[in-house]
Number of protein chains: 2
Amino acid sequence: MSLFLSSYENRLDTKGRISVPASFRSSVMGENFQGVVLYRSFTNDCIEGLSMSRMEKLASASDQMGVFDTELDDLSAMLFADARPLQFDVTGRIVIPEDLLKHAGIKDTAVFVGRGNSFQIWNPSAFKEAQNKSMGNLRKLRPNLKIVSGN
Amino acid sequence: MSLFLSSYENRLDTKGRISVPASFRSSVMGENFQGVVLYRSFTNDCIEGLSMSRMEKLASASDQMGVFDTELDDLSAMLFADARPLQFDVTGRIVIPEDLLKHAGIKDTAVFVGRGNSFQIWNPSAFKEAQNKSMGNLRKLRPNLKIVSGN
DNA sequence: AATTATTTTATGGTATATCATGGTTTATTA
DNA sequence: TAATAAACCATGATATACCATAAAATAATT
């Protein structure tokens, strides 16, 4: 499974359909579930996205840990209850459920934001704001920030 | 076997019949028992649900451990005694036994809640309450909560 | 490098199938 | 035979499969 990288701004049509960026689709290529899993972010006003294979990994992890870790149990419970498996149509679109759109404040345009093993879907202006904010935080905390270079 | 994901609110008809969500049905597709196994939750006022194949896995697991762990033995004994195998009808409905409904306080509407490898059936308002509670727990314990990212 | 051709991708609209739900009839069994 | 449960049939709402076009990106050609 390849990574979710870069950002793409796409439009929703009248039925709430939206194209998943082609590069995001290809990172799910070869898996048996041709689609993504979405859920409302617990921490931000945005939608979180995962591949089904990753979701399955989380399931087996929480299966084994759950007995001992009630916190993790709460977490995974919320996650699985909220998670929406959404299959691509022939042209690579999904329809994002109403409550998810509402949670992210998305109306007619959305940004898909790569996050490596996952991705997020944002209202475009909300994303810019959040981005500025975290950029500000970075500058504040690390005036001489350098990206680690390593092979 | 695919995962039980998302939540679905369905209605019971006058005979106690209720549609098992199509996506839950499809996660049992291909198994020889076309239905689910239900039992009263030990920890919550709700009904627990499993596929038959998973029930069988639990059986063999407790077979191996049970000899040494009397607690686990008691637990699995209760589980097997209480478990009800319920076959789908042609349209994908089941009738949930009276005592299970009573235990979960379900009257005319129920929510099927995905939990990964299992699911639960709740009274809608009771579920909302429980969900708020565990969300509260999470925020309290982990203000900077992040979903596990790893392999 | 500029232009054209070809493929991929995004978007819009319509038709079809699926699903949840209700009702009716036939079998079971107490 | 009355009561109960299982099989059968019907339907409105909704989602998804299908078809068509526009825009963009890539490749090919001059």
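Derivation of every value follows stated rules applied to the coordinates shown; laboratory data play no part. This is a predicted model, so every value here is computed, not measured. Don't worry about glycine lacking a Cβ; one is built from the backbone with ideal geometry, like all the others, and counts go over all protein chains shown.
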Looking at chain A, what % of the alpha carbon pairs are farther apart than 27 Å?
30
Just for the Cα atoms in the protein assembly as shown, what are the lengths along the principal axes, largest first, rounded to whole Å?
63, 48, 37
Mind sorting B:F80, B:F42 by how few other Cβ atoms lie within 10 Å of their own Cβ, fewest first?
B:F42, B:F80
Can you list the HN-Hα couplings for the stretch B:53-63, worked out from phi with the Karplus curve (6.51, -1.76, 1.60; θ = phi - 60°), rounded to whole Hz and with x for Gly and Pro?
4, 6, 4, 5, 4, 4, 4, 6, 5, 5, 4
Going through the stretch A:34-133, which trypsin sites (Lys or Arg not before Pro) have at most 12 other Cβ atoms within 10 Å and a DSSP loop state?
A:K107
Residue among A:G114, A:G49, A:G136 with the largest mean-square fluctuation in a Gaussian network model of chain A, springs linking Cα atoms under 10 Å
A:G136
Net charge contributed by nearby residues that have their C-beta within less than 12 Å of B:S41 (K/R +1, D/E -1):
-1
CD proxy at 222 nm, helix term only [per DSSP H run n ≥ 4: -39500 (n - 2.57); per residue of the protein assembly as shown; nearest 500]
-11500 deg cm²/dmol
Lys and Arg at +1, Asp and Glu at -1: add these up for the other residues within a Cβ distance under 14 Å of B:Q87 and post the number.
+2
